[in-house]
1. All but one of (1) of a type in the set (A, V, I, L, M, F, W, C); (2) surrounded by 13 or more Cβ atoms within 10 Å (Cβ to Cβ); (3) modelled with pLDDT of 75 or more hold for Val70, so report the exception by its number.
2. Would you confirm, using the coordinates I've provided, whether Leu193 is aliphatic (A, V, I, L, M), over 30 Å from Leu100 (Cβ atoms) and not assigned by TED's automatic domain parsing to the domain that holds Leu100?
3. Output the residues belonging to the range 180-196 that are outside any loop (DSSP other than H, G, I, E, B) and touching an Asp or Glu at 6+ places or on another chain (Cβ under 8 Å).
4. Among residues belonging to the range 138-165 that are in contact (Cβ under 8 Å) with a residue 40 or more places away in the chain and polar (S, T, N, Q), point out the one that is farthest from Phe232 (Cα to Cα).
Amino acid sequence: MADTYANGDFVRLKYNKQPTSVDEADQCIYGNSDDLDLDPKTKDIAGASQYASEHTFSSRKEKDQSCKAVLLAVLSVSLLVALCVLGILYSQLLRSSDLLKEQNRNAAADFEIQQQIPTDSTFERRKYYYFSSEKLNWMESRDYCTRTGGQLVTITGKGDQYNLASKLKEPHWIGLHDLYTEGHWMWVDNTTLTGETFWHKRTAGLSEPDNWTQEDSEGEDCAFLETKSEWFDAQCSKLKKFICEK
């Protein structure tokens, strides 16, 4: 009896006759579950439940794989688009760089073919000048000259002044400014304006530089050379032709 109860594979059975002995009662009451003839409907329900569970798991697995495939495709397309955009931007950058180099080479070459103008005898070497055909503001003119290996022109004597002015048909920027301190005029090479100057003088009213502020409250901080061989101050944002030297 103890061995019988210890076996977990046994279940209780129904019986229709009265047992005649203790052993017979045990045999009638308890039997091996493997020997039971269960109801076919019960077997069908269990099988259907197992099939449904396996089918649900399989469907979820297929759905997960489909989602992963779609996500991978989207990421691949996005990466391809990003690479195409980067390629286009890089190509445009190269073209812009080549164009800038070509402009710089042309500007440098222009320096060499410009007419050479005699300077004061105080100069040991002769200068080359570039008279621009385009109009820029003063800062852009300064940067253009620097980028092409020169600087906005500096005028240190009558020889420079009159020779340059004789070539002009309209005002040109020169390398003179008082951007840092009002009234303290300096050349672009950081030397202070000293000695003889060529500011326009008026018979009545304030002569140049007058730092006129009626158009711009910032005043006039950059100088240009007029055709009559005189200097005027003006707003640095004005567009004018310019003279480079090297």
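The values are calculated or read from the model by the stated rules, or taken from the named source; none is laboratory data. Since the structure is predicted, the reported quantities are computational estimates derived from the model, not experimental observations. Cβ placement follows ideal geometry from the backbone for every residue including glycine, while neighbour counts extend to all protein chains displayed.
1. The failed condition is (2).
2. Numbers: aliphatic (A, V, I, L, M): yes; over 30 Å from Leu100 (Cβ atoms): yes; not assigned by TED's automatic domain parsing to the domain that holds Leu100: yes.
When the stated conditions are applied, Leu193 passes them.
3. Taking the range 180-196 first, the residues outside any loop (DSSP other than H, G, I, E, B) are 186-187, 192.
Once the filter is applied, which keeps residues that are outside any loop (DSSP other than H, G, I, E, B) and touching an Asp or Glu at 6+ places or on another chain (Cβ under 8 Å), the range 180-196 yields only Met186.
4. Taking the range 138-165 first, the residues in contact (Cβ under 8 Å) with a residue 40 or more places away in the chain are 138-139, 141-142, 144-145, 147-155, 159-165.
Subsequent filtering for residues that are polar (S, T, N, Q) retains 141, 148, 151, 154, 161, 163.
Values: Ser141: 17, Thr148: 26, Gln151: 19, Thr154: 15, Gln161: 13, Asn163: 18 Å.
Looking at the filtered set, the residue picked out is Thr148.
Residue-wise test of (1) surrounded by 14 or more Cβ atoms within 10 Å (Cβ to Cβ); (2) over 38 Å from the mean Cα position of the chain (by Cα); (3) of a type in the set (D, E, K, R).
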| site | (1), (2), (3) |
| --- | --- |
| Leu176 | yes, no, no |
| Phe198 | yes, yes, no |
| Asn211 | yes, yes, no |
| Asp216 | yes, no, yes |
